[in-house]
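Report on one structure; see the data block that follows.
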Amino acid sequence: MKKNIFTLALGACLLGASFSSCDLLEEDTSVIIETNSYFQTENELIGAITPIYNYMFKDNSRFGGISGRGFSLNCGDPALTSIRGLNKQRMLEFDDFNVSPNNDDIEMVWKAMYRAIGAANNVISKEAQINKIPMEDGQRAVYMAEAHFLRALAYYNIVSYWGKGPIVEKLLTGSEAAQVKMSTAEQVYDFILKDLEKTTALPIKSTDSGRANLEAARILKAYVYMNMAGYPLNKGVEYYQKAADVAAEVVNDANYSLYDDFADLWKYDRRLDQKEHIFCFYGNYTLLGRNLGSYGGKGLRGTEEGGWKDYMVETDFYNSFPQDNRKAATLYDVIKYNKGGKLLPVDQQKPCLDGKEGHVWIGKYRDLGGSPWKDVTTNTIYPIFRFADALLILAEADNMANGGPTARAYDALRRVQHRAYDGSASVANILADGADQDTFDKTVLKERKWEFAFENKTWITMVRRQLVKEYNKTHGSEAPGFDASSITEDDYFFPIPEHETLINPNLKN
C-alpha cells in the first residue's frame, strides 16, 4: 500500500473562499461560505474537506484545536497537572474544578469544533453540486462519508466536554446563528449516530495516513454508545451491548492489531505503519515553514529542557503507574537533554523529580523525527483511535452488558494486558480466570487509565462512569487545600463560553 501523510495546511486549501465567518456565532450577517463558484472540480472538493481537519486539529493558530488546548480540557484527569502560578491559570481551572466561562481554552476548542462543523456543513449541503463533478466511481461517496464522519467527531467532542450543544446542520447567516437553540445530550448523540450511518463508504484504510476510515467510524460509534450507556443518559445494558457489538466488528475484522512493543506507537519512523493507530492527526514541522500544534514540543517539557512547563504528570499518578512495558514510553522521568535538544552526558542527567519543577513529564510525544523542540515543533502524532480502543471498549461493554465477563471480553482484555505485563515486574496484574463483574470492570478501568494516559480519553471515561471524585482523591498533593468531596456533577461538563452566550442567550439554557 502506498503510504502518504495527509498533512494539514489550512491556508493552502481554501481556494479563494472565505471561511472568516466559520465560527458558530459571529456578529455579522454575512453568509458563512460563498458557494457560487465552488465544487466545480474534485480538487476543489478536496480543498473544502481539508479545512475540517485543520480546524479540529489546530484551528486558526498553531495550537488552538484539540491537539493543543485539548490537553487543558483533560486536566481533571488525575494524570495531568500544570505548574502553579505563572500564566497557567487557564490549565489549573480544569485541574482544580473551577472553570470560568471566560477560560480561553474552552472558547478556543468550542470555536475549533464549530468551525469544523461549519466546514463539514459546507460540503454536506452541496451534495447536489458535488454529484455533478466528474470523478472515479465510488469516490464521491467516500468524500461525503468523510465529511459526515468529521462532523460526527466534532459533535462528539462538543457533547463529551460540554454535555450539550447546539446542532447546526446547514450554513447559517450571522443573524441565524445568533438565534440557534441549545440541544440536549441525547439529541446531539442521536445526530452523531445519524451522521455515522452515512460513513459506510469509507475505506478500511486510507492511502493517506491521517484521513477518515471505516474502522474509525465504528470506534466513534462504539464510544457514543458507551457515553449513552453511562452518565448523564444512563441507558445502561442495551447500549453497552450495542457498544460491545460494534467494537467486536473492529476486533474481528483484524484490519488492525497491536504492536508487540508498546513503544513503537510513539516512534516517528513508525507513524505511517497504520498497524495500531486507526485514526490520528499528523503534525508537520516543515509544512508552510511553520509548525502545527504544540503538544509535542515546548508545552510538554520543563525549564531545563527549554520548555513552557504547561502540562506535567501528577506525582501520585507517576508513583502508582505499574512497572510494566508501557511505563518507559508513557512517562519521561529523567532529564536527558539541554535547552537546545543536545543529549547530556550521563553524569549530568538527573531524575525529573529532582528538576526545577519537581515533576515527571509526558513521554509519549517526544519523538519529533529529529526536529528541535526549541521551535515548538510537532513532528509527531495526536492519536484519536487505535486498536486498543476497540479491545478495551469490547472488554468493558461486554462485561457490563452481560452481568460478568464473557469469553470475548476476557480475550480482549488479555490482549492488552499481555503486551503490557509479559516479562515485566508487574506480570501478576494479568487478571486470572473467574473474575466477577465488579472485579473485571475495575481491572478494565485501570487498564484504560494506564493504556491511554495522556491521550485525552480518561476524563470522558471518568464522567460517563461517574468516577471524577474518586479519581481525584489525591489531587490535594498537587493543589494544597483541595478537597475532592467538593466535586459535584456540575463539574462534569464545562460552561458554555461567555463570548457565545453574550451573542446568543439561547445557549445559556
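The values are calculated or read from the model by the stated rules, or taken from the named source; none is laboratory data. Model, not experiment: these values are computed from the prediction. Note: ideal-geometry Cβ built from the backbone for every residue, glycine included; neighbour counts use all protein chains shown.
Of note:
- The residue pairs whose first member lies in the range 298-312 and is touching a residue at least 60 places away in the same chain (Cβ under 8 Å) and within 16 Å of LYS350 (Cα to Cα), whose second member is buried (at least 21 other Cβ atoms within 10 Å of the Cβ) and not basic (Lys, Arg), and whose beta carbons are closer than 6 Å, counting only pairs six or more residues apart or on different chains, are ARG301/GLY307.
- Counting residues in the range 432-446 that are more than 24 Å from LYS364 (Cα to Cα) and among the aromatic types (Phe, Trp, Tyr) gives one or more.
- Of the residues making up the range 27-78, those that are at pLDDT below 85, among the hydroxyl-bearing types (Ser, Thr, Tyr) and buried (at least 17 other Cβ atoms within 10 Å of the Cβ) number 2.
- Here ASN234 meets each of (1) under 21 Å from the mean Cα position of the chain (by Cα); (2) more than 28 Å from ALA328 (Cβ to Cβ) with one exception, condition (1).
- Tally, over the range 239-260, of residues that are out of contact with any helix residue (DSSP H, G or I) (no Cβ under 8 Å at 6 or more places or on another chain) and either crowded, with 17+ Cβ neighbours inside 10 Å or of a type outside the set (A, V, I, L, M) (or both): 2
- Output for the range 172-201, where each listed residue is assigned to a loop (DSSP other than H, G, I, E, B), in contact with a His (Cβ under 9 Å, 6 or more places away or on another chain) and of a type in the set (A, V, I, L, M, F, W, C): none
- Qualifying residue in the range 215-224 (condition: within 30 Å of TYR492 (Cβ to Cβ), β-branched (Val, Ile, Thr) and under 20 Å from the mean Cα position of the chain (by Cα)): yes
- Reported count of residues in the range 250-266, each being more than 22 Å from the chain's Cα centre (by Cα) and free of Cβ contacts under 8 Å to residues at least 40 places away in the same chain, is 2.
- Only one of ALA395, ALA412, ALA428 that is in contact with a Leu (Cβ under 9 Å, 6 or more places away or on another chain), free of Cβ contacts under 8 Å to residues at least 60 places away in the same chain and assigned to a helix (DSSP H, G or I): ALA395
- Total residues in the range 319-357 satisfying the condition of being assigned to a loop (DSSP other than H, G, I, E, B) and without any contact (Cβ under 8 Å) to a residue 40 or more places away in the chain: the figure is 10.
- Residues considered: ILE381, ILE393. Of these, the only one that is on the phi < 0 side of the Ramachandran plot, in contact with a His (Cβ under 8 Å, 6 or more places away or on another chain), buried (at least 24 other Cβ atoms within 10 Å of the Cβ) and not charged (D, E, K, R) is ILE381.
- Answer from ALA120, ALA116 - the residue that is modelled with pLDDT of 95 or more and either buried (at least 24 other Cβ atoms within 10 Å of the Cβ) or among the aromatic types (Phe, Trp, Tyr) (or both): ALA120
- Taken over the range 335-349, the criterion of being surrounded by 15 or more Cβ atoms within 10 Å (Cβ to Cβ) and either among the acidic types (Asp, Glu) or within 22 Å of TYR318 (Cβ to Cβ) (or both) is satisfied by ILE335, LYS336, TYR337, LEU344.
- Check on ALA453, surrounded by 20 or more Cβ atoms within 10 Å (Cβ to Cβ), not in a helix (DSSP H, G or I) and not polar (S, T, N, Q): yes
- Within the range 145-156, residues that are closer than 12 Å to ILE124 by Cβ reach partners that are outside any helix (DSSP H, G or I) and hydroxyl-bearing (Ser, Thr, Tyr) with beta carbons closer than 6 Å, at six or more positions or on different chains, in the pairs ALA145/THR199; HIS148/THR199; PHE149/THR199.
- Residue list for the range 302-326, restricted to those being of a type in the set (Asp, Glu) and surrounded by fewer than 21 Cβ atoms within 10 Å (Cβ to Cβ): GLU304, ASP316
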